Each structure stands twice: as structure tokens, then as C-alpha cells.
Amino acid sequence: MKEYTLYATMGAGFESVVAKELNNLGYKTSTENGRVFFKGTQEDIVKTNLWLRSADRVKILLKEFKATSFDQLYDEVYSYDWAELLPVDAQFPVKGRSVRSKLHSEPDVQSIVKKAIVDKLTDQYRRRGFLPESGAEYPLDIHIYKDVARLSLDTTGQSLFKRGYRVEHGGAPLKENFAAGLIELTPFDGTHPFIDPMTGSGTIAIEAALKAKNVAPGIWRKFAFDNFDWFDKKLHPELVEKAKAQEKQDHAPILASDIDQSILEIAKVNAHNAGVLQDIKFKQVAVKDFSTDLENGVIIANPPYGKRLKDREAAEKIYEEMGQTLRRLSSFSQYYLTSDPQFEKYFGAKATKKRKFYNGNLRTDYYQYWANKR
Ligand SMILES: C[S@@+](CC[C@H](N)C(=O)[O-])C[C@H]1O[C@@H](n2cnc3c(N)ncnc32)[C@H](O)[C@@H]1O
């Protein structure tokens, strides 16, 4: 089977998390900002799309070359064997990005690449006039960094955070792969209790349940590779079956609570869609009244941030309440994500460790408190 140079993309700060996930799946990796490279076959493309919890996409690196002029860019793209990759009716949107490079105009880079591919395919398929672009989609991208261009094919399609279990609602849920990445940074593996005391639409608890049950997070969805005409169509259903056979039923308790009953109803629908409704104990309770007899587990919460001035005071009061009830649960490792730089002051304890993440465009810190195990 042909071996490809592959890479996973991810949100800033999650590189080491995705690298670890890939290592656990059996791949040797090398890491750059926003990308983790590995080698693999079509089977590995299916496997990583199905199993990576915290990545955005899996791409095939088609070609890497130096590009300091548009002529050079055109020639290098033209010289690729496009007919081997793209059938005559392929749709091939090209995304262009250029950073710290001579060819800095992204629209120009994108349109030169598109033109070179169109010209080559027209020659290779001996077409006169337009290519129909009426068939399956092959999403391409060109990324130029410090004059080195990389041409890639996206095998994922819609980002991996779109697992397919979430119902839309007006709140501000964490992306599924972001939540999964936060979990990957904890020791949680399903053998000890898990608590999200401010669960909102349930993303973190659902991702925890999926991990505890060893459910492949991409198990429900389709990927761009499903439509590639040269892709072995047996692989995806085979690997889904294999993944299903590896699912586990038993795990330690997973608790998800929130002050707001109506958001819990949404969380339950999401959990149902993800097949983990019976795996999570949902409860309506304010964090100031939260208590549990469980021990030695992991707490993750994404409390309100109080971004707007008028919400700030309310958020800080919640951090104080969290401090009063949750700090007592000292056998739990605790992890809190918020954009409030004063979190530690109101929570009443300095974090063992902090880690910076962007939740969308918003800078947040992941405050981590190590446990005192009993
Ligand atoms: C930022 S949202 C959590 C979003 C969640 N991670 C998701 O993916 O949907 C914060 C949640 O904290 C809840 N909350 C606010 N005040 C609370 C309190 N005093 N006790 C418990 N939950 C509270 C809100 O109802 C909201 O659902």
C-alpha cells in the first residue's frame, strides 16, 4: 500500500496533545506549530480520522517546494501529476495561506495554484474548455511559510470537532475537540471518577464518557476521503466495525451538573445522540451546593468568564463559590478554563500549573490543581 506523508492540524497549544494521541495510536511523529507529521497508508488516514480526539483535520502532504515567484509557484504546481489525484469532474476548492513570505498576497497565491491545476488537468484529460467541477470534492490547500510552499489534500472535510452528536443552541459550548484536548491533559482514563460541575451543553462530560468507553469520536460521521475515487471504500466500514468491537461498557462514575435545568436538557439530548446518556449522571445543582462522596478523580469545568464588565462580578462570585466547595475535594485533580486573569485570587488558591489556549479568539488559561491522593 502506498505510504503518504500525513499531518494532523489542531488549535494552537494542542500540538503535544495530538502528538501524544498519535504516538498512542502507534505513529512516530514530528511536531511544528499547528501541525503534527506522521507517515501512513489509506488505512491510517481512516484510523486517525476516526480516533483522534483533539485534532482538527488530517491532511496528505502532496508536495513541498520553494516558491519566491508566481512563475515558480505555477511551474511547481503544474508539474504535479494531478490526473492521478483528481478525476475529470473533481471539485477542488483551493485554500491559500501565506505567512512571512515573498508571495504574500493570499488571493493571488490561491488563484495561481488553481490555474496551474486547471491547466494541467485540461492537458492531461485533453479537454477543451472548462472542467465541469461537478463531482466529488477534493479540498486542497497551499500554505507558504518563509517562502516554502506546501500543497496538501484535506482527507477530513468538515473539521473533526463536528462529531455529529450536538444539537444547536444559543449558548457558547466548547468545541468537541477542544473539550477532548482538555481531558487529554488530565490523567482521566475512565477508571476514576469524573466531574464537570458547570457542564452547560455537556461537551466535556460527553467527551469524557466517550473516552472512558473507548468510543472512537469520529464513529458517526463521514469524511472527505469517503468521496475520493481512488480511496479503498472497504476500509472505512471495516475500521468502524473494529472500533465498535473495542468499545467498553464499564467505567467509574461521570457526574455533570449545572445550575440551569434547561441547559441540562440540551446536554441530555447531546449525550443521548452520543450514546452516553446512561453513562453520565446529570444533576441540577448550583456549584455552591455541590458535594460528592467520590474520591481520587478529575474535575474539569468551564465556568462563565464574565467577559463583559457587568458580568464580571457575577463570574468572580462564582469563582469564590467554586473555591469554597470544590477546593475541599482535594483528592481530585482539578482543571478550570477561563479567560479571567484573576481566577486564582477569587478561587482562593494558586494553580500548580497554567496553560494558555485560545477558545475561538479569546485568550484563556487552563488552571490546573494537582490532587492530594487519598
Ligand atoms: C461557559 S458555560 C459551560 C459550557 C460547556 N462547557 C459546554 O461545552 O456547553 C458555563 C456554565 O456554567 C453554568 N453556571 C453558571 N453559574 C453557575 C453556578 N453558580 N453553579 C453551577 N453552574 C453554573 C451556566 O449555566 C453555564 O452552563
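The values are calculated or read from the model by the stated rules, or taken from the named source; none is laboratory data. The model shown is predicted, which means the values in this text are computed figures rather than measured ones. Virtual Cβ from ideal backbone geometry, glycine too; neighbours counted across all protein chains shown.
Among the residues of segment 86-100, what is the count of those that are buried (at least 19 other Cβ atoms within 10 Å of the Cβ) and over 19 Å from residue 135 (Cβ atoms)? It would help to see each step written out before you state the result.
Start the filter on segment 86-100 by keeping residues that are buried (at least 19 other Cβ atoms within 10 Å of the Cβ), which leaves 86, 90, 92, 94, 96, 98.
Filter again for over 19 Å from residue 135 (Cβ atoms), leaving 96, 98.
Residues meeting the conditions: 2.
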Picking from 149, 208, 224, the residue that is at pLDDT 95 or above, assigned by TED's automatic domain parsing to the domain that holds residue 279 and not β-branched (Val, Ile, Thr) would be 208
Filtering segment 283-310 down to residues that are more than 10 Å from the ligand (Cβ to nearest atom) and either within 25 Å of the chain's Cα centre (by Cα) or part of a loop (DSSP other than H, G, I, E, B) (or both) yields 291, 292, 293, 294, 295, 296, 297, 298, 299, 306, 307, 308
Going through (1) crowded, with 18+ Cβ neighbours inside 10 Å; (2) under 30 Å from residue 164 (Cα atoms); (3) not polar (S, T, N, Q) one by one, residue 347 fails only at (2)
Among the residues of segment 267-288, is there at least one that is aromatic (Phe, Trp, Tyr), touching a residue at least 12 places away in the same chain (Cβ under 8 Å) and closer than 25 Å to residue 342 by Cα?
no
Going through segment 261-280 in order, the residues found to be outside any loop (DSSP other than H, G, I, E, B) and either of a type in the set (Gly, Ala, Ser) or within 15 Å of the ligand (Cβ to nearest atom) (or both) are 261, 262, 263, 264, 265, 266, 267, 268, 269, 270, 271, 273
Yes or no: residue 258 under 30 Å from residue 162 (Cα atoms), in contact with a Pro (Cβ under 9 Å, 6 or more places away or on another chain) and more than 13 Å from the ligand (Cβ to nearest atom)? no
Of the residues in segment 17-44 that are among the small types (Gly, Ala, Ser) and surrounded by 14 or more Cβ atoms within 10 Å (Cβ to Cβ), the one that is nearest to residue 54 (Cα to Cα) is 19
When residue 215 is run through (1) among the β-branched types (Val, Ile, Thr); (2) under 19 Å from residue 337 (Cα atoms); (3) assigned to a loop (DSSP other than H, G, I, E, B), the failure sits at (2)
Of the residues in segment 188-212, those that are within 12 Å of the ligand (Cβ to nearest atom), among the aliphatic types (A, V, I, L, M) and assigned to a helix (DSSP H, G or I) number 4
Quick count over segment 58-90, residues being more than 18 Å from residue 147 (Cα to Cα) and among the polar types (S, T, N, Q), is 1
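Among the residues of segment 191-237, which ones are among the charged types (D, E, K, R) and either touching a residue at least 40 places away in the same chain (Cβ under 8 Å) or surrounded by 18 or more Cβ atoms within 10 Å (Cβ to Cβ) (or both)? Talk me through it step by step, then tell me what you get.
We begin by selecting, within segment 191-237, every residue among the charged types (D, E, K, R); these are 196, 207, 211, 213, 221-222, 226, 229, 232-234.
196, 207, 211, 213, 221, 222, 229, 232, listed by residue number.
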The lone condition residue 83 fails out of (1) surrounded by fewer than 19 Cβ atoms within 10 Å (Cβ to Cβ); (2) hydrophobic (A, V, I, L, M, F, W, C); (3) in contact with a Gly (Cβ under 6 Å, 6 or more places away or on another chain) is (3)
Only unsatisfied item for residue 23, checking (1) touching a residue at least 24 places away in the same chain (Cβ under 8 Å); (2) touching a Ser or Thr at 6+ places or on another chain (Cβ under 7 Å); (3) farther than 18 Å from residue 149 by Cβ, is (1)
Those residues of segment 253-266 that are touching a residue at least 40 places away in the same chain (Cβ under 8 Å) and among the small types (Gly, Ala, Ser) come to a total of 2
